[in-house]
Amino acid sequence: PPETSVMNTFYDAQNFLEKDEKVLILFIDGFGYHQYFKAINNGYAPFLKSLPLANKATTVYKCVTNAGFAAMITGKSPEENGVYSRAQRELKVPSIFALARDLGKSSVLIEGDIKILNTEIEPILNLDTNNSGTTDEEVFETSIYSLDKNHDLIMVHFHGVDDMGHNEGDLDEKTMERIALADDYIKELAINWKGKIIITSDHGMHSTDTGGDHGSFLYQDMIVPYLLIEGGDGQ
């Protein structure tokens, strides 16, 4: 397996916060490495393509949002953090938000319309107010607004790629178009953020007869991209 894990998210963020550097975590739900690779090589993600090639990273099993998300923000395995399926929401260990608090840092978690985990901070939830079928636009607008609020740690959770992948399939044209939209949002956030940026996912997705799914011990589900870049370069 790759040396990199989604649990690196916690330790990289910890390292930067302890050095008084700001951190933006961009969490693209349901974005497997094979989807990333197709997107950057077929014109769907020009901004991601302009960056160094992402590392392959393992997520945790069971590869569903609750477990992957918990591993990202705690740096611990499901056995240690207590979240190993969609049924658990309570963390048994502190998250990156507790660490930021203890360091005297300001943090914010920007979510879709559902609170997924109970953490040390309350997420900012976003409804699909324009009835587009995804909360990604609203999450993006809240994120842009939050960039000016002098937070030290911002975590942004985009759900649209996962939602479309479930409906249409992991490599379907409509899913690729949703990745293209996420790429636009990532670019805009990246050029306006002065600090470090982590881009990753909680899990990938595989094809089924009716669309896409995840939660299996498969390469497509278990391997995701992991990028660490510097924001605010105006590129």
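Structural remarks
- Per residue, the accessible area of segment 1-85 comes to 40 Å², computed with a 1.4 Å probe over protein heavy atoms only.
- Taking θ as phi - 60° and the Karplus parameters 6.51, -1.76 and 1.60, the scalar couplings of segment 32-46 work out to x, 5, 5, 6, 4, 5, 5, 5, 6, 9, 10, x, 8, 9, x Hz in sequence order, x denoting glycine and proline.
- Alpha carbon convex hull of segment 31-134, projected area averaged over orientations, nm²: 8.6
- For segment 22-127, the dipole from Cβ point charges (+1 on Lys and Arg, -1 on Asp and Glu) about the Cα centre works out to 320 debye, to the nearest 20.
- Across Gln88, Gln35, Gln220, mean-square fluctuation computed from a Gaussian network of the chain (C-alpha pairs under 10 Å connected) peaks at Gln88.
- Residues of segment 159-194 with an amide N closer than 20 Å to a point placed 7 Å from the Cα of Thr210 along the Cα-to-Cβ direction: 161-175.
- Under a model in which nothing but the beta-carbon of Lys, Arg (+1) and Asp, Glu (-1) is charged, the chain shows a dipole of about 600 debye around its Cα centre.
- Bridge type composition, the chain - antiparallel percent by DSSP, nearest 5: 35
- Segment Gln14-Asp128, extension gain: residue separation times 0.36 nm, minus the distance between their alpha carbons: 37.8 nm
- The helix-only estimate of mean residue ellipticity at 222 nm for the chain, built from DSSP H runs of length n ≥ 4 each weighted as -39500 (n - 2.57), is -11000 deg cm²/dmol after division by the residue total.
- Carbon and sulfur %, accessible surface of segment 175-235 computed with the full protein complex present, 1.4 Å: 47
- Estimated FRET transfer efficiency when R0 is 41 angstrom, pair Lys194-Val93 (beta carbons, to 0.05): 0.85
- Sites matching trypsin sites (Lys or Arg not before Pro) across segment 156-215 that sit in DSSP coil, with at most 13 neighbouring C-beta atoms within 10 Å: Lys194
- Based on Cα contacts under 8 Å between residues 6+ apart, segment 48-144 shows a relative contact order of 17 percent.
- For the chain, the Kirkwood estimate of hydrodynamic radius, built from reciprocal distances between every pair of different alpha carbons, is 17.3 Å.
- Lysines whose Cα lies under 26 Å from that of Lys194, excluding same-chain neighbours fewer than 8 positions away: Lys19, Lys22, Lys49, Lys56, Lys105, Lys149
- When the Cα positions of Met7, Gly169, Phe140 are compared along the charge dipole of the chain, Met7 comes out farthest toward the positive end, with charges on each C-beta of Lys, Arg, Asp and Glu.
- Contact order for the chain, expressed relative to its length and based on alpha carbon pairs under 8 Å spaced 6+ residues apart, stands at 32 percent.
- In segment 1-66, trypsin sites (Lys or Arg not before Pro) in a DSSP loop with at most 14 other beta-carbon atoms within 10 Å: Lys19
- Spatial separation of Cα centroids for segment 164-235 and segment 62-139, in angstrom: 17
The values are calculated or read from the model by the stated rules, or taken from the named source; none is laboratory data. None of these values were measured; they are calculated from a predicted model. FYI the Cβ positions are ideal-geometry reconstructions off the backbone, even for glycines, and counts take in every protein chain you see. All accessible areas refer to the heavy atoms of the entire protein, side chains included, with ligands and DNA or RNA removed. Shrake-Rupley method; radii C 1.70, N 1.55, O 1.52, S 1.80 Å.
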